[in-house]
Each structure stands twice: as C-alpha cells, then as structure tokens.
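S.K.: Here it is, the structure, as structure tokens.
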Amino acid sequence: MIRLTTARASSLLRPLLTATGLSSRSFANAATDIWKFNDQEPSMTKIVCTIGPSTDKPGPIQQLVHNGMHVARLNFSHAGTDYSYPEACLALVRNAAGRHAELSAGATFQIPNNLRAVLVDTKGPEIRTGPLQGNAEVVELTTGCIVEVTTEDVSNDPAPEKAEGPHRLNVDYQSIATTLKVGSQVLLDDGLIALEVTHVENNSVTCLALNGGPIKKNKGVNLPDTELDLPALTEKDKRDLKWAVQVGADFVAASFIRTAGNVRSVKAFLDRCVAELPQEEGSCPRLRPLVISKIESKEGVDNFNEILKESDGIMVARGDLGVEIPFRKVFAAQKMMVEKCNAAGKPVIVATQMLDSMQRNPRPTRAEVTDVGTAVLDGADAVMLSGETAAGKYPIESLRAMKMIIKEADDIIDKGASLNRVNMNESLIDIRTIHEDQCLHAVAKSSVKSARDLGAKLIIVITVSGKVARFVASHRPTVPVLAFCTDVQVARRLQLNRGIVPLLLQSNLDPYDQKTRMGTLRAEAMRTAVELGLARAGDRVITVDRSVGRPQDMHHHSYNMKMSTLKV
C-alpha cells in the first residue's frame, strides 16, 4: 500500500494547482478547512435559495441571509389561492437583518434591514394527468401494455383488472391528438415512464408503454420534440403575478417560455398590474418585476435568441429541460445559454439538482461540486438551490457549501481574467439601445480594465435606474461593484447580476439634479464602503456615474470614471 502525505501530495499537485489558479496551501488545508471561510466577504456569483418548510421560520431565514443568500425564491407550482404562506415568507425575508442593518446606527434616515430580492416562480402552462380509472390512487403500468391517453374523463371507468391493461389515462391538454403523431413520445412523471404513440384518434392517442411503473393523478406530462398549443399565462399564473406586483416582488420567473411572444405577454400583464396600483404620494414609482424566462423545452432552446432579447434574464431550468430534450444535450444547451446571456449582458441563473444529495446528506458529492464550479467558470451570474433549502435536512449547510464552491471558482476567474473574456454581441441586444449606450459601454469597459490594471479594491457606481451598474457588471469585473442606489426597488433588482453589491445611497441629494455635486455623492459612497469594511485607507477605487449637464455646459449629460486612493 502506498502512503501519500499531505505535503508530498501538495508538491506533486503544485503544477496543476498553479495552472488552475489554486494554491498548494489551499489543497494542504482542505481537510481541516472544510467549513472555514470568510462568511462576510461578498461573493461575485449570486445564490438563489428556495424558501420552504425547512427554512420558513425567522431563525433559518436569518441564517440564509447571514450565510450569503442574495435572492429568495417563492415557488408557486403547488400554491393555491390563499397567499398567507408566501406573504409570511416574504415578510421574513424583508425583516431579516442583513448588511444594511450595520449602517442603521450611523444613518441619517431610515434604511431597510437588507436588500435581499424576492423571486416569484410561476407554475406556468403545464400538462398533468387527471383522475385515474375507478378514481384509483395509483395505477401500475407494465412494459408493453397499451395505454390510451385521452382528454375524456375516465374516473367513472372501471379500473383495469390486470396491470397489462388496456389502460385509459386522462390528461388536461385538449390538443393532444393534433399535437402528436405516430412515433411521438409521451413522458409521464418527470420521464420515469415513457409511452410511444402507435395510433391517433379525434381526442386521444393510443400508446405502447416502453417501460413500466406506478402513475398517480396530477403528475407531470411531457411531450418532447413537439410545439405545444398552450397559453403563455394560465389563470393561476395571472392571479399569482398580480399578487407579486401588489407585494413588491423583485423578479418573476416565467415558466415554460417557448417564444419571444410569451415573454412580451408576461411583461404586458405585469405592466397592466402595475398601472392599476395607486401611487403613494412622496414615494418612488412602483417598478415592474423583472422577467426571468425559464427555458424548459426544445422550443425554448430553438427560439433562444429571440427570447433573450425580450427577457430581463434567463433561468436554465434543467429539470423539465432534461425531459423535453435528450439528457445528453442538456449540458451543451446550458453552455450555449450562459454564453449568449454573457454576450448580451443579461443575468443567467443555472438551476435544478445542483447540490441535490444535500437534501439527505451533510456534504455534496464530487460531481455536484464540479457541476456548480463549472457553471460559475462558464459564466453563470447565479446558481440556485431548490429542494436543498426548501425541504432538505441540511439547508444552511447546503448554502454554505454552495458559497464555498463559488468562491473557489470566482478566484480562478479573477486570477485568469482577461479583458476580452466577454465580447458584447449586438445581435443579442435590443437594437434600439446599441447606439445610445455606446458611451456607457465604453466607460463601463474601461472601468473594469482599469480596476484590473491598477489592482483596485472596488468599483463604486452611483446609479438611479441601475443601468450604469448593469453595464459595468456586463463586462465581468473581478472586484465587487458597489452600486449605490436612491430607490430600494432598483437596488434589489441588481441582486442577480454577478459582482454587484447593491447599497442605498445615504443622501437626499438627487443625482439627476443639475445642482447636485457628484463629488459629494462619491464621497458619501466611499464613506459607506469604509464603514462596511469593504475598503480602507490606501485602497484604490474606481468610481463610475452619470452627471447632468448644467445650463452653461455644452452637453446634456456625461458618463464619468475616476480613479482614487482612499486617504487616511
């Protein structure tokens, strides 16, 4: 038996570690430092956590906030018309003490406890099984049995006497017969049971079971490689979105987006909901939640470029996507979507089963660690925990493990970064914004390069709409971007962009007022950065902002970049 000491292993692996940006010290201490890392240092890649039975109390929510959650996800897939539970979860997130709580003692006006964002994830237009024959709780299908998939009610039919059938199975998709053809597949319960269509009739299709298993009512049905005749929003989705607008949710994850028209429909409905709200005197205008399009089907992948143009962000929803397209193609689709989101400067979330085993175990598998790290290295702005934090045994450990992994990946990105890592692709951007934003793109790109060249500690952005901060983040900076905002809604909507740390600007001065001296606001932003321990005397910082021209100036506004060293 060969015994390899830690020191010997470290020396053997040093060339590999150096090539990947790791250190032999981090390898040598891996066994003892498994849960030791800087909790408070902001991570560049963001983390979305799903709230559920494991985390829907004040204590766990506070721990999620303390340990690095940036966005809280409320899953409406199984929610009804009673909104008391999601309202309670949202209140817990808003009331938890975050980094802003540290500023309250020295603040000149009231500021929120934290700026964690809330994402409402809609159920979307799904196809599900209905009541079974004989109103049975479960029916067992066997390999080779005949199954008639129909839109007719089969609950009054007698239950099959044998597992071999024949069976009749109700689904709630009225276009089943016009959508499918002989040879098409019908996948039941997340693809656990596969049926192949052998005959098509008026309102049903006859199928052969390619494999067996139990099936219950209300289970998901997938029809891969088909274009579905489904609306962008169901009535349930509309109720849920109206609630999301009323309570001030920051993001909406629109499920099963298949076309750019689907995205426009969601945005238009949200705009109408916002327009119906009464405007409170003296408050900022209510903003529409940003729309994150979930790509979960082949049609969505095929139409991705058009969907991306209309969307505020993308979620790579690998659960249903892995059923709708061959599983061997999921990783390639993920890489394609992440790359194009980076090129368009829009945030992308990689989701589903990232640390799935931690629902049951206190540590992730090696494959899961690699999955998360690779997603970050490929350019994901955010990674998501689903059942791990919603219903798992180790929700806080899952979040801490996720943060440890992304910190390692972020370090590799930072050490190997080059200015040409991301090139903006104009074909993926709304053509109307390209020319008017050329100056902002140039300043944003220069600020990121300058921060690298000068070894700056931070990039400080003063932004009213969030636009300047997003442009800086789109060039993939390697240091945190402190985005000082005047509106809490704007600040929270920056939580999905990689590298941005949103903060409220502690000043009543309006950056868009001609009388405002931007130097005063920059000084206040630097003061807050030092107060939070994110910078100290002697650190170099880059500031980026937009100033309004005065009457005697020859310009309407200008974008400014300044390089400063914080004084003692």
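S.K.: Across region 393-405, in residue order, what do the Karplus-derived ³J(HN,Hα) couplings come to in whole Hz, using 6.51 cos²θ - 1.76 cosθ + 1.60 with θ = phi - 60° and x for Gly and Pro?
M.R.: 6, 10, x, 6, 4, 4, 5, 5, 5, 4, 5, 4, 5
S.K.: Carbon and sulfur together cover what percent of the accessible area of the chain at a 1.4 Å probe radius? Intermediate values should be presented prior to the final figure.
M.R.: Values: 13400 of 25950 Å².
After summing per-atom areas, the C and S share lands at 52 percent.
S.K.: Past 30 Å, Cα to Cα, is the threshold; run 181/219; 309/457; 123/298 against it and keep the listed order.
M.R.: Values: 181/219 22 Å; 309/457 33 Å; 123/298 18 Å.
Violating the 30 Å Cα-Cα cut-off are 309/457.
S.K.: For region 279-356, build the convex hull from the C-alpha positions and give me its volume per residue in Å³.
M.R.: Details: hull volume 9.9 nm³, N = 78.
Convex hull of Cα atoms, per residue: 127 Å³.
S.K.: Check residue 141: other-chain or 5+ apart residues with amide H under 5 Å from its amide H, H built from backbone geometry?
M.R.: Long-range HN contacts for residue 141: 213, 215.
S.K.: Can you tell me the FRET efficiency between residue 103 and residue 274 if r is taken as the Cβ-Cβ distance and R0 is 25 Å, rounded to the nearest 0.05? Provide the component values of the computation, followed by the final result.
M.R.: On the way: r = 29 Å, r/R0 = 1.18.
Calculated value: 0.25.
S.K.: Which whole-number value in Å² is the accessible area per residue of region 293-423, probe 1.4 Å? Intermediate values should be presented prior to the final figure.
M.R.: Values: 5010 Å² over 131 residues.
The answer is 38 Å² per residue.
S.K.: If we count every other residue with Cβ under 15 angstrom of residue 219's Cβ, Lys/Arg +1 and Asp/Glu -1, where does the sum land? Mind dumping the intermediate values first?
M.R.: Working: positive: 123, 128, 216, 217; negative: 126, 137, 140, 172, 189, 190, 320.
Summing Lys/Arg as +1 and Asp/Glu as -1 gives -3.
S.K.: Any idea what the relative contact order of region 135-235 is, in percent, if you count C-alpha pairs under 8 Å spaced at least 6 apart?
M.R.: Details: 209 pairs, mean separation 33.3, N = 101.
Relative contact order of region 135-235: 33 percent.
S.K.: Something else about it: Can you give me the accessible area per residue for region 51-145, using a 1.4 Å probe, in Å²? Before the final figure, lay out the partial values.
M.R.: Working: 3910 Å² over 95 residues.
I get 41 Å² per residue for this part.
S.K.: Then there's this: With an 8 Å cut-off on Cα pairs and a minimum separation of 6 or more residues, tell me the relative contact order of the chain in percent. Let's see the in-between values first.
M.R.: Details: 1187 pairs, mean separation 75.0, N = 568.
Rounded, it is 13 percent for the chain.
S.K.: Along the Cα→Cβ direction, 7 angstrom out, place labels at residue 229 and residue 91. What is the inter-label distance in nm?
M.R.: 4.6 nm
S.K.: Could you tell me how many degrees, from 0 to 90 and to the nearest 10, lie between the Cα long axis of helix 438-454 and the main elongation axis, the longest principal axis, of the Cα atoms of the chain?
M.R.: For 438-454 against the chain, the angle is about 70 degrees.
S.K.: Once fully extended, how much extra length lies between residue 111 and residue 536, figured as 0.36 nm per residue of separation less the alpha-carbon to alpha-carbon distance?
M.R.: Values: separation 425, 0.36 × 425 = 153.00 nm, distance 2.32 nm.
Full extension from residue 111 to residue 536 adds 150.7 nm.
S.K.: Give me the percent relative contact order of region 310-406, please, defined on Cα pairs under 8 angstrom at least 6 residues apart. Please list the in-between numbers first.
M.R.: Details: 138 pairs, mean separation 27.7, N = 97.
Once normalised by length, the contact order is 29 percent.
S.K.: Still on this structure: If you line up the long axis of helix 84-95 against the longest principal axis of the chain, both from Cα atoms, how many degrees apart are they, to the nearest 10?
M.R.: 20 degrees
S.K.: If we sort 220-229, 387-396 on the protection proxy, mean other Cβ atoms within 10 Å, highest first, what's the order? Don't skip to the answer; put the middle values down first.
M.R.: On the way: 220-229: 17.3, 387-396: 22.1.
Top to bottom by mean Cβ count within 10 Å: 387-396, 220-229.
S.K.: In degrees, nearest 10, range 0 to 90: what is the angle between the Cα axis of helix 518-531 and the longest Cα principal axis of the chain?
M.R.: So the inclination is approximately 70 degrees.
S.K.: To the nearest 0.05, how large is the calculated FRET efficiency for residue 452 and residue 527 if R₀ is 30 Å and r is the Cβ-Cβ distance?
M.R.: Once the sixth-power term is evaluated, E becomes 0.75.
S.K.: Compute the FRET efficiency between residue 164 and residue 137 as 1/(1 + (r/R0)^6), taking r as their Cβ-Cβ distance and R0 = 22 Å, and round to the nearest 0.05. Present the calculation step by step, with values, prior to reporting the outcome.
M.R.: Working: r = 20 Å, r/R0 = 0.90.
After rounding to 0.05, the efficiency reads 0.65.
S.K.: In addition: Only helical DSSP H runs with n ≥ 4 go in: add -39500 (n - 2.57) per run for the chain, normalise by residue count and round the 222 nm mean residue ellipticity to 500 deg cm²/dmol.
M.R.: On the way: 19 runs with 194 residues, N = 568.
For the chain, the value works out to -10000 deg cm²/dmol.
The values are calculated or read from the model by the stated rules, or taken from the named source; none is laboratory data. What you are looking at is a predicted structure, and each value in this text was computed from that prediction instead of being measured. Neighbour counts run over all protein chains shown; Cβ positions are idealised from the backbone, glycine included. All accessible areas refer to the heavy atoms of the entire protein, side chains included, with ligands and DNA or RNA removed. Shrake-Rupley method; radii C 1.70, N 1.55, O 1.52, S 1.80 Å.
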